[in-house]
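Undergrad: Structure incoming, see below.
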Amino acid sequence: YDVESDDIKSIIPCIDKKIQKTDVLRFIISGLTVLILITLVIRYKLLLNFNKLRSYLKENETLISSGYYKFLIFELILNVIHPIPKLNITISISQRYNQQDAFLDINILLTILLLFFRSYHIFKYFSFHSRWYSYETEKLCLQSQTILDSVFTIKAEFKEKPFVLVGATMIISIFIFGYSLRTV
């Protein structure tokens, strides 16, 4: 489906020929990916400064000396995977039982990986806005020498409301797997 509109050409001036609708969407996804990567770096710098103010870290600690860089790199790798505009590579996969080859577009694979990898943001958002992620819980965790993180809050929510969380997880996973099948 080709779009020849002056509006789209004015949004993306570097493309002067026919643009496909999917390429425009991939450019938007690429821009949002860059925005996510920038906000992740800012988040970890703010987390470092916040923990310095709370005296959990020494004043001279950096992202590398505190160990936050491992989590930052892991999240950056998870979020950098996305469908790339103008990348039209198809892989041919030979079939076992018939003589026809199956073809897989790289961008479809990247879209599915993007969907799976970025779904962790839902659980991360849920855990940071849970009632278990509070100063009172943090004091209790410090007394019992437990780390207050997203894993702790999700475990606490599972202990309190297991059926609600299992139901929500099932709905989210049905959506993710269903969209992945639709994409393929």
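The values are calculated or read from the model by the stated rules, or taken from the named source; none is laboratory data. These figures come from a predicted structure and were not determined experimentally. Heads up, the Cβs are rebuilt from the backbone with ideal geometry, glycines too, and the neighbour counts pull from every protein chain shown. These accessible areas exclude ligands, DNA and RNA; they are computed on the full protein's heavy atoms, side chains included. Shrake-Rupley method; radii C 1.70, N 1.55, O 1.52, S 1.80 Å.
Undergrad: Go through the range 149-180 and give me each residue that's more than 20 Å from residue 118 (Cβ to Cβ) and in contact with a Leu (Cβ under 8 Å, 6 or more places away or on another chain).
TA: 157, 158
Undergrad: Do you know which residues across the range 48-86 are of a type in the set (A, V, I, L, M, F, W, C), in contact with a Leu (Cβ under 9 Å, 6 or more places away or on another chain) and over 19 Å from residue 118 (Cβ atoms)?
TA: 48, 57, 63 - these are the residues of the range 48-86 that are of a type in the set (A, V, I, L, M, F, W, C), in contact with a Leu (Cβ under 9 Å, 6 or more places away or on another chain) and over 19 Å from residue 118 (Cβ atoms).
Undergrad: In the range 34-57, is there at least one residue being of a type in the set (Phe, Trp, Tyr) and touching a helix residue (DSSP H, G or I) at 6+ places or on another chain (Cβ under 7 Å)? Explain how you work it out, then say what you get.
TA: So in the range 34-57, the residues of a type in the set (Phe, Trp, Tyr) come out as 44, 50, 56.
Then drop every residue that is not touching a helix residue (DSSP H, G or I) at 6+ places or on another chain (Cβ under 7 Å), which leaves 44.
Checked the range 34-57: at least one residue is of a type in the set (Phe, Trp, Tyr) and touching a helix residue (DSSP H, G or I) at 6+ places or on another chain (Cβ under 7 Å).
Undergrad: Right, residue 60: assigned to a loop (DSSP other than H, G, I, E, B) and open to solvent by 70 Å² or more (accessible area, probe 1.4 Å) or not?
TA: yes
Undergrad: Do we find a residue being open to solvent by 70 Å² or more (accessible area, probe 1.4 Å) and either in contact with a His (Cβ under 7 Å, 6 or more places away or on another chain) or closer than 30 Å to residue 135 by Cβ (or both) anywhere in the range 82-105?
TA: No.
Undergrad: Can you list residue pairs whose Cβ atoms sit under 7 Å apart, with the first residue in the range 61-77 being closer than 22 Å to residue 32 by Cα and the second being of a type in the set (Phe, Trp, Tyr) and at pLDDT 90 or above? Count only pairs 6 or more apart in sequence or on different chains.
TA: Listed pairs, sorted by first residue: 72/44.
Undergrad: If I ask for residues that are under 29 Å from the mean Cα position of the chain (by Cα) and either loosely packed, with under 11 Cβ neighbours inside 10 Å or without any contact (Cβ under 8 Å) to a residue 24 or more places away in the chain (or both), which ones from the range 129-145 would you list?
TA: 129, 131, 133, 134, 135, 137, 138, 141
Undergrad: Can you tell me how many residues within the range 27-57 are more than 23 Å from the chain's Cα centre (by Cα) and surrounded by fewer than 16 Cβ atoms within 10 Å (Cβ to Cβ)? So that I can check it myself, show each step before the final result.
TA: Of all residues in the range 27-57, those more than 23 Å from the chain's Cα centre (by Cα) come to 49-57.
Okay, now just the ones that are also surrounded by fewer than 16 Cβ atoms within 10 Å (Cβ to Cβ), so 49-56.
Here the count works out to 8.
Undergrad: Anything in the range 167-184 that is open to solvent by less than 100 Å² (accessible area, probe 1.4 Å) and touching a helix residue (DSSP H, G or I) at 6+ places or on another chain (Cβ under 8 Å)? List them, or say none.
TA: Selection gives 172, 176, 179, 180, 183.
Undergrad: Going by the conditions given, is residue 77 under 18 Å from the mean Cα position of the chain (by Cα), at pLDDT 85 or above and either exposed (fewer than 12 other Cβ atoms within 10 Å of the Cβ) or closer than 30 Å to residue 56 by Cα (or both)?
TA: On the way: under 18 Å from the mean Cα position of the chain (by Cα): yes; at pLDDT 85 or above: yes; either exposed (fewer than 12 other Cβ atoms within 10 Å of the Cβ) or closer than 30 Å to residue 56 by Cα (or both): yes.
Spelling it out, residue 77 is indeed under 18 Å from the mean Cα position of the chain (by Cα), at pLDDT 85 or above and either exposed (fewer than 12 other Cβ atoms within 10 Å of the Cβ) or closer than 30 Å to residue 56 by Cα (or both).
Undergrad: Do we have residue 151 as open to solvent by 60 Å² or more (accessible area, probe 1.4 Å) and more than 18 Å from residue 47 (Cα to Cα) here?
TA: Here the answer is no, as residue 151 does not meet what is asked.
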